[in-house]
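Asks: The structure that follows is given in the form of C-alpha cells.
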Amino acid sequence: MPGTATREGAPSTAQSGQAVGEFDVVIVGAGFAGMYLLHRLRGLGLTARIFEAATGVGGTWYWNRYPGARCDVESMQYSHSFSKELQQEWHWSERFAAQPEILAYANHIADRFDLRRDIQFETRVTAAHFDEKTRRWHVTTDRGNRVTAQHCVMATGCLSTARLPDIPGRETFAGPTYHTGYWPHEGVDFTGKRVGVIGTGSSAIQAIPVIAAQAAELTVFQRTPNYSIPSRNRPMTPDYEGPWKAQYDARRAKARTMRTGILYDATDANYGVNDVSAMDVSPEERRRVYEKRWATGGTSFMAAFNDLITNQASNDTASEFVRSKIREIVKDPATAEILCPTDYPIGTKRICVDTNYFETYNQPNVKLVDLKATPIEAITPTGVKTTSATFDFDAIVFATGFDAMTGALAAIDIRGRDGLALVDKWEGGPQTYLGLMSAGMPNLFMITGPGSPSVLSNMIVSIEQHVDWMIDLIAHMRTNGIDTVEPTAEAEGNWGQHVNEAGHRTLYVKAASWYMGANIPGKPRVFMPYIGGVGVYRQECDAVAANGYEGLVMTPRNARAAVAAE
Ligand code: NA7
C-alpha cells in the first residue's frame, strides 16, 4: 500500500502447522486482546484459531521496539485482572514499564495459559467473507489458509498500521530508514551517526532523548509541537506494589468505573480526579494544583480539574502552564517557542508523557527544525531538504504515526451480507454499534473498535470489558440456539449519533488529531473513539445485555428469517 510502512525485514522463523478446517471462532491478532479472548473461548469449550502477522505475541508491544518505548499507564494498572495468580506472581520493575518488559509479560501470558498451540504466527489475514448459505465466515491468509468460522473477531489493535509520510523522494535516501512502529528486533546503534527524526508525537518524544544520548548529531523535524508531561518514572518499590497487590480486586473494580479506566491515585478519596472546575479557583490555587500534578508526573495532569477537555477557558490555563514549563526548561528562547503548542487545546491530541524530552533540546548535538516555517520539500539520497536548508544524515527515523483505529480493519477485505465491503460501508467514517459490531456483518466483532472508549482509556481494562461482554453474548447464543447476531441499522445509527454528540461536547474536535482521522490524507474527519468514559460505557453495554441484547438481531439455528432477540 502506498505510504504504508511494510513489515518486510522483520525477523522470521519457520512456521509449521498451518490451520485448515473449521473453527468456532477465528481471531485476527495475538496481542493482549486476541490472547485473552482465546483463553476465554477455551473456557466455553469452543475451538479458536488466532492468525498473527508477527513471529510472536504482543501486538503493539511486539512491533514498537523503538528506543525509549514505554507505556504511559502505570504498570500496576496496565496489566490483566482475569487471573488472580497472574496478577500476584508478576512483578513490574518500574512505575511505567518499558516495552521489553511488557513484551515479556505478553510472552509469559502466552506460555502460562498455553496459548501458542492455537496461534499461527507469520500469517496475515487477507480476507474475511460472510457466506449467507452456511452463515459462516470464510477467512483466507497470505499463507494460503482457507478456514471457516462461525465468528470472526478483529483483535487487530488501534495503532497497528504504521504510516510513512508522503514526502517526495522518500525512497531515494541512501542510508537506513526506520519507522518507530516497525523497529528492527536487533536494535539500532546510532553511535557517532547523524540522525534525522521526522515527527514529534508520543513515539518521537520517547525516542528522541534516547537517540540523542547516542547520536553524534540529532535533527528533529517538527510539524506540530505536542504537550508533554514528565513521567517521573521510577523503580517499583515494595511500598507501592504491596498495597496494590493486597487490594487488587477492589482497586481494579473501582478503575473500571472511572472515565479512563485508571486510578490516578489509589490512596486518594477521589482517586486522583479533582472534581472542581479550573475556573472556580484562584490563579494561585490553579498554579499550585498544576505544579503538584507536574511533580507527580504522567497523564493524571489532565485530571487536575474536571473541565479541562470541555471548557476552553479552563483548558487555556492548563495549556499555558505547560508552555510556561517548556519555556523554563528549554534554554534557547527561540527553540522553546517552537516547542510550545499554541493552536490546539491540551489533551485534544494524545497527551505525551516523557523522560527528559524538552531537556534534550539543551544538548549541543540536538537541533530542532520548525516545519511550519520551513516545510520539507523532499527526501534526497543524502538527507532532507526543507525550503530553507539541506541536512545530511546517516539514518532517518520516521516517527510519523499510524492509520489509527480503522487502518488495520481496512487492510483486510472484510465483506458481510450481500458482499457488503466494510471499507465501502465506512467510506464516510466508521459505523458501529458500541464499537463492537457493525450492521450487515453478522458474527463479526471488533475489540476496542471505533465507537468505544478504546484509545481514550487504559487499553487492557477496555480489552477485558469487550472480551467479557462478547463471551457472554456468544454463551447466550449457544444456550439459545442462535446462529447469528448483528446490530440493527437503527441501533447502529443511534449509537453513532451518541458517539458523535459526546465528542462534540468536548474540545477534542478542535484538534487535527489521529482521533479525528486528520493525520491520513483523505480519511473522513470523524471523532472515532467514544468519550463517554469507561465507566459509563460499561453501564451502557451491560444495559444492552440486560435488555435482551437490545439493538441486536439474532437468527435462530435453522431459521430462514432473522427475528429480534426480544
Ligand atoms: P502520532 O502521534 O500520530 O505522531 C506522528 C508525528 O509525525 C506527528 O508529530 C506528525 O505531525 C508527524 N508527521 C506525520 N507526517 C508528517 C510529515 N509528512 N511531515 C512531518 N511530520 C509528519 O504518532 P506516534 O507514533 O507518535 O504516536 C501514536 C500513538 O501511539 C500515541 O498517541 C500513543 O497512543 C501511542 P502532525 O502532528 O501531523 O503535524
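The values are calculated or read from the model by the stated rules, or taken from the named source; none is laboratory data. The structure displayed is predicted, hence computed values, not measured ones. Cβ coordinates were reconstructed from backbone atoms using ideal geometry, including for glycine residues, and neighbour counts include every protein chain displayed.
Asks: Please find, within the stretch 323-349, the residue that is farthest from the ligand (Cβ to nearest atom) out of those that are more than 24 Å from the chain's Cα centre (by Cα) and buried (at least 21 other Cβ atoms within 10 Å of the Cβ).
Replies: Val330
Asks: All but one of (1) within 16 Å of the ligand (Cβ to nearest atom); (2) surrounded by fewer than 21 Cβ atoms within 10 Å (Cβ to Cβ) hold for Asp542, so report the exception by its number.
Replies: Condition (1) is where Asp542 drops out.
Asks: Report, ordered by the first and then the second residue, all pairs with beta carbons closer than 7 Å, sequence separation of six or more or different chains, a first member in the stretch 194-206 that is among the basic types (Lys, Arg), and a second member that is within 6 Å of the ligand (Cβ to nearest atom) and not in a strand (DSSP E or B).
Replies: So the pair list comes out empty.
Asks: Against the condition modelled with pLDDT of 95 or more, more than 26 Å from the chain's Cα centre (by Cα) and over 18 Å from Ala411 (Cβ atoms), how does Pro184 come out, does it pass? It would help to see each step written out before you state the result.
Replies: Numbers: modelled with pLDDT of 95 or more: yes; more than 26 Å from the chain's Cα centre (by Cα): no; over 18 Å from Ala411 (Cβ atoms): yes.
Answer is no for this residue.
Asks: Exactly one of (1) among the basic types (Lys, Arg); (2) touching an Asp or Glu at 6+ places or on another chain (Cβ under 8 Å); (3) within 28 Å of Leu507 (Cα to Cα) is unmet by Arg417. Its number?
Replies: (3)
Asks: Any residue in the stretch 350-367 that's away from the ligand (no atom under 15 Å from the Cβ): show its pairings with residues that are part of a strand (DSSP E or B) and of a type in the set (S, T, N, Q) at Cβ separation under 6 Å, as long as the two are six or more apart or on different chains.
Replies: So the pair list comes out as Lys367/Thr219.
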